[in-house]
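Q: Quick one: this structure, given as structure tokens, is what I'll be asking you about.
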Amino acid sequence: MHSELLVGDLPQASQLDRAGLLLPTHFEALKVDQKLGHLYEDALAVILNESLRYDLIARGVQVIDSSGRTLGELDYILWDTSAECYIHLELAVKFYLAVKTADGWQYPGPDPRDNWQRKLDRMCSHQFVLTERSETKEHLKEHYAIEVIQVRQLIYGCLFEAVESGVRPLLHESFAANARLGLWLLISDWTKHFSGIQEVYLIPKPLWAVPITKALLDELESISVAELHALAEVRCVMFSFPDSERPYFLAPDAWFNQVQLP
């Protein structure tokens, strides 16, 4: 809830003030087998329902034009009892692997089709300005009696540096100064850097955004390096070493060739 955010304040949407968020007094069972973004949307809804500052008015509000075409979705609509204003809150959980190219630093995701610059452009040109559309204004006024609303965001995640390059990536201006940092490498680079390692802790995807601590690792089962490599032949996998609290991504050797830069 209060772990480091990947992204700082943006011109179109500053961070939500998380001082008003409280841990729930009871924990509802969440569907951990759904997409990571949906899982964290459900988890944040539980936290918002516990908040004394924020009233959760609605979530997943679809905006549809007169032809029936969906224009977009508002993740959450909140009433801020402290500032006495309505808030459109967007939540994202993202992970990116820093890659230095001839054109400068790029930030593709574990899914090589993803890319931070493309994602950021989409959020700034569409999601954060959705409430400025006439269709959204009409919907908010008709269903919630809202005429003025502010935009906020919470973007969790982690940026991974390349073990191989040994060069600290130039952080994109949108990344928070205290963003979580990890390391990534290809399977073919493993022996060069970690030949003496026999076992690691595999980080399940629902826990990717959770800071790694010894207490968390104590709850996980270790797997052999051979098992880790077999999993990484198919997709990027997150892991940590027994004596480390830093996240790592192990990527398939074919991953870089599949990266789609903006």
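Q: For region 119-156, which residues satisfy the criterion of being touching a Ser or Thr at 6+ places or on another chain (Cβ under 6 Å) and either free of Cβ contacts under 8 Å to residues at least 40 places away in the same chain or assigned to a loop (DSSP other than H, G, I, E, B) (or both)?
A: None; the set is empty.
Q: Could I ask something else about it? Of the residues in region 75-123, how many are more than 22 Å from Ala232 (Cα to Cα), in contact with a strand residue (DSSP E or B) (Cβ under 7 Å, 6 or more places away or on another chain) and among the acidic types (Asp, Glu)?
A: Matching residues across region 75-123 total 3.
Q: Determine whether region 94-113 contains at least one residue that is buried (at least 19 other Cβ atoms within 10 Å of the Cβ) and in a helix (DSSP H, G or I).
A: Looking through region 94-113, none of the residues is buried (at least 19 other Cβ atoms within 10 Å of the Cβ) and in a helix (DSSP H, G or I).
Q: I would also like to ask the following. If you take just the helices (runs of 4 or more DSSP H) that sit entirely in region 169-258, which of them hold at least 2 residues that are buried (at least 16 other Cβ atoms within 10 Å of the Cβ) and modelled with pLDDT of 90 or more? Spell out the reasoning first.
A: Values: elements: 190-194, 214-218, 225-232, 255-258.
Fully inside region 169-258 and qualifying: 190-194, 225-232.
Q: Is there any pair linking a residue in region 201-217 that is farther than 12 Å from Phe239 by Cα to one that is assigned to a helix (DSSP H, G or I) and β-branched (Val, Ile, Thr), with Cβ under 9 Å and at least six apart or on different chains, and which?
A: So the pair list comes out empty.
Q: Quickly run through region 63-86 and pick out the residues that are β-branched (Val, Ile, Thr) and assigned to a strand (DSSP E or B).
A: Pass one, region 63-86, residues β-branched (Val, Ile, Thr): 63-64, 70, 77, 81.
Residues satisfying the conditions are Val63, Ile64, Thr70, Ile77.
Q: Another question about this same structure. Given Leu30, Leu56, which one is in a loop (DSSP other than H, G, I, E, B), surrounded by 14 or more Cβ atoms within 10 Å (Cβ to Cβ) and free of Cβ contacts under 8 Å to residues at least 24 places away in the same chain?
A: Numbers: Leu56 fails: in a loop (DSSP other than H, G, I, E, B).
The conditions single out Leu30.
Q: For region 8-39, enumerate the residues that are closer than 22 Å to Glu50 by Cα and of a type outside the set (A, V, I, L, M).
A: Those that are closer than 22 Å to Glu50 by Cα and of a type outside the set (A, V, I, L, M): Gln15, Asp17, Arg18, Gly20, Pro24, Thr25, His26, Phe27, Glu28, Lys31, Gly37, His38.
Q: Going by what's in this entry, would Ser3 be described as among the small types (Gly, Ala, Ser), touching a residue at least 24 places away in the same chain (Cβ under 8 Å), on the phi < 0 side of the Ramachandran plot and buried (at least 16 other Cβ atoms within 10 Å of the Cβ)?
A: Working: among the small types (Gly, Ala, Ser): yes; touching a residue at least 24 places away in the same chain (Cβ under 8 Å): yes; on the phi < 0 side of the Ramachandran plot: yes; buried (at least 16 other Cβ atoms within 10 Å of the Cβ): no.
Against the criterion (among the small types (Gly, Ala, Ser), touching a residue at least 24 places away in the same chain (Cβ under 8 Å), on the phi < 0 side of the Ramachandran plot and buried (at least 16 other Cβ atoms within 10 Å of the Cβ)), Ser3 does not qualify.
The values are calculated or read from the model by the stated rules, or taken from the named source; none is laboratory data. All of these numbers come straight from a predicted model, not from anything done at the bench. All Cβ positions, glycine included, derive from the backbone under ideal geometry; neighbour counts span all protein chains shown.
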